[in-house]
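The values are calculated or read from the model by the stated rules, or taken from the named source; none is laboratory data. Note that the coordinates shown come from a computational prediction; the quantities given were computed from them, not determined experimentally. Please note: Cβ atoms are built from the backbone with ideal geometry, for glycine as well, and neighbour counts cover all protein chains shown. Ligands, DNA and RNA are stripped out before the accessible areas are found, and what is left, the full protein with its side chains, is counted by its heavy atoms. Shrake-Rupley method; radii C 1.70, N 1.55, O 1.52, S 1.80 Å.
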Amino acid sequence: MGARPRPFEIVGGKGPDPILEPASSAPPILRNLLGAALQRHRAAACLTQPQVVALGGISSAPKLCRIENGATNVRFDEKDITELLDLYGVPAGEERESVISRVHQILAIGNPRLPGSKGVAAAFNELRYVEAIASKIISFEANNVPGLLQTTAYMNAVFAVPYLGRATTDHNSLLELRRQVRTQRQQILEGDSAPEFTAIIDEAALRRPIGGRAVMLEQLRRIYGRCERGGNVHVRVFPTAAWADCPPLTTAMTLLKLPEPEGPPEMLYVEAMNVSAMWVEDPVRLIEHKASLEGVFKHSLTKANTMRFLQARIDELAEPH
């Protein structure tokens with residue numbers, strides 16, 4: 001299966017409206033995560049799909065196959081999944097709770113949708129779910145500062161671009177929603193369970209005066225502070241000169257590494273700003289994008305040189321003009 005583009009028109013323009021999820025549905029990525037986890041537990045139990053059926057774990061092999069493949073055309077309930085976990089010998093604990101939690105989200109039990117999901121296109125909403133469970137995130141951005149590091153003023157300037165000269169009440173409501181969503185996303189970088197986040201930012205993105213001199217100065221100081229603090233957040237600048245030797249495969253890509261209980265070990269998300277977003281699922285394309293991301297990191301400035309670059313830009317913008 002190749003990469004599947006999905007509409008991502010969430011900032012206006014004359015393109016199609018975003019495809020919104022029905023209130024009772026969960027992102028397809030949750031079914032993929034559940035299926036991958038169940039497949040792994042079945043393999044650990046050394047059982048084939050026909051053997052699971054013969055032992056009474058489920059009604060049919062096709063049903064189990066569809067669940068494991070993340071298909072949407074299959075019905076199941078919590079009892080179906082707990083019986084499989086019992087058969088596979090998965091004990092009470094973190095791994096079992098992780099699977100049951102995923103079932104609850106898919107079946108819309110409790111609160112399957114993140115706050116602010118309304119108005120956010122499907123692929124991006126899936127990214128939010130996966131970010132929340134990832135153990136490691138590596139992101140390259142050529143156009144803007146990554147959303148997880150943006151200041152409020154900077155994100156306001158980015159969000160406002162499609163509406164310049166034609167803002168309406170509806171536009172203002174959507175902008176407020178997007179601010180709330182981005183602010184919520186940024187919270188994943190805080191706390192004991194925060195993922196390790198590496199942001200590779202193209203030099204040109206840090207030279208563009210998005211929002212004006214004062215906005216960009218505040219943004220650069222935020223990034224410098226994150227670099228200086230260290231911890232789980234790492235920032236590297238991809239210099240313009242490096243495009244000659246290592247041009248990135250796309251201008252925005254994010255590799256998410258998941259803890260083993262969650263299913264597939266890695267997932268890769270690519271985006272064309274304001275146009276489309278997709279998960280790279282084809283194995284060959286996944287390898288290509290990972291190689292590109294590794295090359296970009298290899299050709300990026302070291303932490304020390306990144307901080308020198310940021311300080312020089314801060315000094316430049318702080319000078320009276």
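Before moving on, here are some points about what is shown:
- For trypsin sites (Lys or Arg not before Pro), the sites in region 63-108 that DSSP calls loop and that have at most 14 other Cβ atoms within 10 Å are R75.
- FRET efficiency for the pair R308 and C46, taken as 1/(1 + (r/R0)^6) with r the Cβ-Cβ distance and R0 = 56 Å, rounds to 0.50.
- Proximal aspartates and glutamates relative to K298, as straight alpha-carbon distance under 16 Å, when same-chain residues fewer than 8 apart are discounted: E141, D202, E203, D245, E288
- At most 10 other Cβ within 10 Å, DSSP loop - GluC sites (Glu not before Pro), region 237-298: none
- Residues with amide H under 5 Å from that of V233, placed H, sequence gap 5 or more: F197
- Shown is the FRET efficiency for A54 and R222, computed with R0 = 51 Å from the Cβ-Cβ distance and rounded to the nearest 0.05: 0.30.
- Where region 58-111 is the region considered: accessible area per residue in Å², 1.4 Å probe: 53
- GluC sites (Glu not before Pro) lying in DSSP loop within region 131-219, provided at most 12 other Cβ fall within 10 Å: E190
- Note that region 247-321 presents 51 Å² accessible area per residue, ligands and nucleic acids not counted, probe 1.4 Å.
- Accessible-area composition of region 193-252, carbon plus sulfur, in percent [1.4 Å probe]: 51
- Mean projection area, nm², convex hull over Cα of region 206-246: 3.7
- Cα Rg over Rh - region 213-321, Kirkwood: 1.03
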